[in-house]
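The values are calculated or read from the model by the stated rules, or taken from the named source; none is laboratory data. Predicted model, so just to flag it, every value in this text is computed and none were measured. So basically every Cβ, Gly included, is an ideal-geometry build from the backbone, and we count neighbours across all protein chains shown. Remember, those area values only see protein heavy atoms, side chains included, never the ligands or the DNA or RNA. Shrake-Rupley method; radii C 1.70, N 1.55, O 1.52, S 1.80 Å.
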Amino acid sequence: MIAPQVTVRTEADGVRVVVCSGEFDLDTTGLLVDACDSGPVPPGLLVVDVRQVAFGDSSFLNALIRLRNGHPLLLQGPLPKQLHRVMQMTGTLPLFEIRDAVERAG
């Protein structure tokens with residue numbers, strides 16, 4: 001199992017970005033929920049970066065749905081294949097706004 005990690009930062013424009021990596025299941029999805037519930041949540045957009053999620057089960061998907069119901073939410077992708085498949089199979093893919101990250105030339 002790839003240990004899950006969640007980091008949170010707030011951008012200058014008030015957008016809160018939550019970066020998830022690793023594998024999320026019933027035992028570890030609480031990391032995402034706790035990170036989003038820590039401290040006052042700015043009224044602006046919540047971006048959950050899922051590009052590095054190696055595995056997300058139904059509890060992870062449920063957490064994303066609950067977050068979406070409480071905040072304006074954007075998933076930053078591209079979605080990993082496994083997560084995309086779970087969202088397709090459950091019919092939840094259309095519930096989310098998903099934007100692929102734009103790589104900056106440097």
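Scanning the stretch 60-106 for residues that are of a type in the set (D, E, K, R) and open to solvent by 90 Å² or more (accessible area, probe 1.4 Å) gives 66, 81, 85, 99, 100, 103, 104. Keeping to the stretch 59-77, report how many residues are at pLDDT below 95 and within 20 Å of residue 1 (Cα to Cα). The qualifying residues number 0.
Okay, residues lined up against (1) open to solvent by less than 20 Å² (accessible area, probe 1.4 Å); (2) in contact with a Leu (Cβ under 8 Å, 6 or more places away or on another chain); (3) of a type in the set (Gly, Ala, Ser):
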residue: 7; (1), (2), (3): no, no, no
residue: 10; (1), (2), (3): no, no, no
residue: 20; (1), (2), (3): yes, yes, no
residue: 34; (1), (2), (3): no, no, no
residue: 52; (1), (2), (3): no, no, no
residue: 58; (1), (2), (3): no, no, yes
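Do we have residue 47 as out of contact with any Pro (no Cβ under 9 Å at 6 or more places or on another chain), modelled with pLDDT under 95 and either hydrophobic (A, V, I, L, M, F, W, C) or in a strand (DSSP E or B) (or both) here? When the stated conditions are applied, residue 47 passes them. The condition (being within 18 Å of residue 2 (Cα to Cα) and touching a residue at least 24 places away in the same chain (Cβ under 8 Å)) is satisfied by just one residue among 49, 27, 13: 49.
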